[in-house]
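The structure appears right after this line, and notes come after that.
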């Protein structure tokens with residue numbers, strides 16, 4: 001039985017290294033496309049490539065590189081909601097919570113019916129101790145169709161620490 005477990009671990013490592021190599025190849029290809037594109041290319045073209053490259057950086061846990069690409073996508077196409085979402089998540093990972101809140105707020109402005117942004121912003125509010133605002137965002141997420149299990153952690157945290165502060 002132990003041998004089977006060992007093989008699974010080896011297989012997982014191999015899969016991980018293959019995925020990493022694949023992501024690195026994609027990043028090189030996307031970077032090449034950005035440098036070779038004619039200056040007359042529409043900014044949406046650049047935004048799509050930057051978004052795809054940012055996603056690959058994200059897969060490799062290269063948070064600052066991913067963030068740089070997602071912010072550039074948001075600058076080029078400000079109404080693109082997913083760029084703000086990804087930038088917000090990268091800021092959360094980098095522990096830049098106030099900047100994450102700004103990005104999630106932009107996402108909410110662009111698509112107020114999406115509960116994910118409220119839940120993500122609640123996470124950031126909890127991190128900076130604004131449990132009152134986190135709780136409001138959790139309730140907003142639930143009103144917009146979030147399943148309770150997705151919001152429970154942020155809501156329970158906000159309730160627990162919100163009570164202590166009062």
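None of the figures in this text is laboratory data; all of them are computed from the coordinates on show. Computed from a prediction, not measured in an experiment: that's the story for all the values here. When we count neighbours, we look across all protein chains shown, and the Cβ atoms used for this are built from the backbone with ideal geometry, even at glycine.
Taking N as the number of residues in region 112-166, what is its alpha-carbon radius of gyration divided by 2.2 N^0.38 Å?
That ratio works out to 1.00.
Fewest to most neighbouring Cβ within 10 Å: what's the order for 92, 76?
Arranged by neighbour count, lowest to highest, 92, 76 become 76, 92.
Using Cα-Cα distances under 8 Å and only pairs 6 or more residues apart, what relative contact order does the chain have, in percent?
It rounds to 12 percent for the chain.
Would you kindly state how much longer the chain becomes between residue 25 and residue 111 on full extension, computed as 0.36 nm times their sequence separation minus their alpha carbon distance, in nm to one decimal?
The residue 25-residue 111 span can extend by a further 27.6 nm.
Using Stokes-Einstein with the Kirkwood hydrodynamic radius over Cα pairs, what translational diffusion coefficient do you get for the chain at 10 °C and a viscosity of 1.306 mPa s, in µm²/s rounded to a whole number?
89 µm²/s
Per the helix-only calculation at 222 nm, which mean residue ellipticity applies to the chain, given -39500 (n - 2.57) for every DSSP H run of n ≥ 4 and division by its residues, nearest 500 deg cm²/dmol?
Value at 222 nm, helices only, nearest 500: -27500 deg cm²/dmol.
Test of understanding: extend the Cα→C-beta vector of residue 147 to 7 Å, then name every residue of region 98-138 with backbone N under 17 Å from that spot.
Those under the cut-off are 115-117, 119-120.
Between residue 95 and residue 37, what is the FRET efficiency for a Förster distance of 45 Å, r being their Cβ-Cβ separation, to the nearest 0.05?
Computed FRET efficiency for residue 95 and residue 37: 0.85.
Rank these for me by crowding, 116, 22, 84, going from fewest to most other beta carbons within 10 Å.
22, 116, 84
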